[in-house]
Amino acid sequence: MDESRQAALRAHRSEIVEQVQKCVDPILDFLQRELVVASALRDVIDKKPSSEDKAAKLIHILLEKDDRGFEVFLESLTENNLNELANKINGTVFELETGLEAKLHAVELNIEETTLKIIEKGDVRPKSPGGSHIASVLQRGKVPTTPHYLASPLSEIKELLMKIVAGILRLKEKRDNGFCIVYGDSTTRTEADLTAAALKIPELWQNGDFPKSVIWHKIDRVQDDGELLLKMKSLLSRLDDKHQPSTTLEEAKASLCQVFANNPHCLLVLEDVRSTDVIKYFDVHPRTLVTTHIKEMV
């Protein structure tokens, strides 16, 4: 197991013991089925006098395992309704590996390709996106046009859109910089279309001071720092035509921070982010949504 994963387990050791002891047997069953804990090691753990001791011994054993053992352990936590603990441990790994604070919350979208094809073939007639005011706000922000199959969504799709709306509204409470990540699998790649459709739902705009505006910025594949700087300068040019030209990523980030400090009620949407470097340098606004089909980003 690499150092960042070991450090994350050690950092959360007390909390892991406290929560895992309540369901240590089913977790051990899961790890044994996945061949992470052998029968001999299971016997060693089971001989411990209490559930707390069993959980503590399990962590000791996990620290000697490989990266797969760590990932399977997190799966076992999720299987036993300890999702929050698994996310917290993963967040610490993210912080240690990237140097960034784990300030993300994710909206994972599950839409099967077969379902999508059925919807696309349906006889769907576009409806109003929720009023002329919303339409003009989205047009100014360069939000993409909603595909026809999302203009009047079926109930299954409406549920996904409301998940995105809920994620956006959580950003209202944020004061430090951070992101809401909308993740769709790499097969369908519908996360950007669904996000654009969610922005047209009237319920999103009935919460007073946020959001009041939207800025949509497509990132796509970024090969190097030069391309990333161009993406940042392009956004700056849209928002502030009087800004001083930036020659480094740090200068561009500082300029973007200043722009968004003057526009706190804006929602920034970064489409198709594929790298944590983008996260690092676009960490400029407390209310930012990211779409991605890269599982590692979540």
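The values are calculated or read from the model by the stated rules, or taken from the named source; none is laboratory data. The shown structure was predicted, so the numbers you read here are calculated from the model rather than taken from an experiment. Cβ: placed from backbone, ideal geometry, glycine included. Neighbour counts: every protein chain shown. Each accessible area value is taken on the protein alone, full model and side chains, heavy atoms only, with ligands, DNA and RNA left out. Shrake-Rupley method; radii C 1.70, N 1.55, O 1.52, S 1.80 Å.
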### Task
Sort out which residues of the stretch 81-91 are polar (S, T, N, Q) and outside any helix (DSSP H, G or I), and write them in order of number.
Asn81
### Message
Considering only the stretch 212-222, I want to know if a residue exists there that is part of a loop (DSSP other than H, G, I, E, B) and either of a type in the set (Phe, Trp, Tyr) or open to solvent by less than 10 Å² (accessible area, probe 1.4 Å) (or both).
### Response
yes
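Take the residues in the stretch 62-84 that are aliphatic (A, V, I, L, M) and closer than 15 Å to His12 by Cα; name whichever of them is surrounded by the most Cβ atoms within 10 Å (Cβ to Cβ).
Looking at residues that are aliphatic (A, V, I, L, M) and closer than 15 Å to His12 by Cα, I get Leu77.
Is at least one residue of the stretch 211-231 touching a Pro at 6+ places or on another chain (Cβ under 8 Å) and either closer than 16 Å to Val165 by Cβ or touching a residue at least 24 places away in the same chain (Cβ under 8 Å) (or both)? Lay out the reasoning, then the answer.
Applying the first criterion (touching a Pro at 6+ places or on another chain (Cβ under 8 Å)) to the stretch 211-231 yields 216.
From the residues that got through so far, the ones that are either closer than 16 Å to Val165 by Cβ or touching a residue at least 24 places away in the same chain (Cβ under 8 Å) (or both) too are 216.
Yes, the conditions are met somewhere in the stretch 211-231.
Specify which of the listed residues (Leu31, Leu9, Leu58, Leu41) is touching a Gly at 6+ places or on another chain (Cβ under 9 Å) and either closer than 17 Å to Val72 by Cα or surrounded by 16 or more Cβ atoms within 10 Å (Cβ to Cβ) (or both). Walk me through it before giving the result.
Numbers: Leu9 fails: touching a Gly at 6+ places or on another chain (Cβ under 9 Å); Leu58 fails: touching a Gly at 6+ places or on another chain (Cβ under 9 Å); Leu41 fails: touching a Gly at 6+ places or on another chain (Cβ under 9 Å).
Unique residue meeting the criteria: Leu31.
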### Query
How many residues are in a helix (DSSP H, G or I) and either aromatic (Phe, Trp, Tyr) or free of Cβ contacts under 8 Å to residues at least 60 places away in the same chain (or both) if we restrict to the stretch 274-298?
4
## Note on the structure
Per the filter on the stretch 6-35, residues more than 17 Å from Ser50 (Cβ to Cβ) and under 28 Å from the mean Cα position of the chain (by Cα) are Gln6, Ala7, Ala8, Leu9, Arg10, Ala11, His12, Glu15, Phe30, Leu31, Glu34
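A quick yes/no check of all residues on (1) within 19 Å of Val290 (Cα to Cα); (2) open to solvent by 50 Å² or more (accessible area, probe 1.4 Å); (3) among the β-branched types (Val, Ile, Thr); (4) modelled with pLDDT under 85:
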| site | (1), (2), (3), (4) |
| --- | --- |
| His243 | no, no, no, yes |
| Ser255 | no, no, no, no |
| Pro264 | yes, yes, no, yes |
| Leu267 | yes, no, no, no |
| Ile279 | yes, no, yes, yes |
## Note on the structure
In the stretch 239-264, anything among the acidic types (Asp, Glu) and in a helix (DSSP H, G or I) is listed as Glu250, Glu251
